[in-house]
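Working notes for the structure below.
The values are calculated or read from the model by the stated rules, or taken from the named source; none is laboratory data. Treat the numbers as computed from the prediction; the structure is a model and nothing was measured. Using ideal geometry, Cβ is built from the backbone for each residue, glycine included, and neighbour counts are taken over all protein chains shown.
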């Protein structure tokens, strides 16, 4: 009887939300600590170079997320455990191809700039990073956030621990930082591979599955690429027009507001499968209510975190980077960044709802519009005002994106046509 009660609690929506937040908190805490240690121990020029290369890895990560993770999450949510194993195995095959191809490109690029060892470690980091991400998303497709958390602790808290040890013994470098990501991601992938119970990477009808993945992910890959590029445009433009250390300063501010990333990602992880299921069973209004329910839960954590940053920006920067850091005086830029992050959260909640309903082409169009405006306005602002110009451009792009997502949601999800469409297909 007790076991039955425990099992019921673990399957409840509240339990899924708690373990999703706990898991993503583990991931983001590890990333946060890693970035803070690197920002404190590397020189501004070294940290700026790390931020630029990390941005390239995030572009690769975004492409993989669209082509592999999004279809796996959407299809896997309604599959049995055995079918999910096969789907995850197929996803791992795709991941291997993507990782090897893009990793080789990284090695060649770094070799051209006379840093072949850096390319090797960066390629290893992205290969094992996306491999582990694939397996953990297989677990998450069935809401197994608690199971995923153990491997994620090995990967993300492990990398922070390794970077900390390297810093203490005086061996910390950009190459070693990426090496830490590669090694801990590989260990976590092995653990989660065993948890999901994959016995073989052979799958039936790979062409059919490839077609399904491509049809779902083709617009998402453009959306993810546009989104990641538009966010990484700022440190890249700052490095080009104002110097590499300025890119490091932008990354240092991003680290602070990234404290809310676990809420953002865990809410997104919950909205897509929950809203997709609600839409198939009860229509778009039900899908909207699921998204708002999870979005409201996340807001109870987002607002206090960012509110603290807005109230005490100087104290936050002193605690994280130290009194002698060049980043400790960036209080105005940090306040703007924190306020923008609140608006960005609203846009993310509604964008995930639209993705769950299959409107990936629409979200891509919104991203393109906001990205183009940001780039057109951002270049002269960055040249003129440097870091503050970059933050102001982030604010403009985020406000535009949020306004467009709200308008589309009102029309496609809450409008009378959505009700008629559901009644015709029910």
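Couple of notes before you dig in:
- Condition check for residue 240: surrounded by fewer than 21 Cβ atoms within 10 Å (Cβ to Cβ) and at pLDDT below 75: no
- Selection status of residue 334, within 29 Å of residue 262 (Cβ to Cβ), surrounded by 17 or more Cβ atoms within 10 Å (Cβ to Cβ), modelled with pLDDT of 90 or more and in the same structural domain as residue 253 (by TED's automatic domain parsing): yes
- Count of region 103-116 residues which are assigned to a helix (DSSP H, G or I) and either loosely packed, with under 15 Cβ neighbours inside 10 Å or not assigned by TED's automatic domain parsing to the domain that holds residue 81 (or both): 6
- Residue match in region 40-60 (condition: part of a helix (DSSP H, G or I) and within 30 Å of residue 290 (Cα to Cα)): yes
Rundown of residues vs (1) outside the structural domain of residue 252 (by TED's automatic domain parsing); (2) under 25 Å from residue 32 (Cβ atoms); (3) touching a helix residue (DSSP H, G or I) at 6+ places or on another chain (Cβ under 9 Å); (4) not in a helix (DSSP H, G or I), yes/no style:
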{"site": "326", "(1), (2), (3), (4)": "no, yes, yes, yes"}
{"site": "348", "(1), (2), (3), (4)": "no, yes, yes, no"}
{"site": "362", "(1), (2), (3), (4)": "no, no, yes, no"}
{"site": "377", "(1), (2), (3), (4)": "no, no, yes, no"}
{"site": "382", "(1), (2), (3), (4)": "no, no, yes, no"}
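- Test: residue in region 147-170 that is in contact with a helix residue (DSSP H, G or I) (Cβ under 7 Å, 6 or more places away or on another chain) and assigned to a loop (DSSP other than H, G, I, E, B): no
- Exclusive hit being in a helix (DSSP H, G or I), at pLDDT below 90 and crowded, with 24+ Cβ neighbours inside 10 Å, set 119, 138, 190: 138
- Residue check, residue 100 crowded, with 18+ Cβ neighbours inside 10 Å and in a helix (DSSP H, G or I): no
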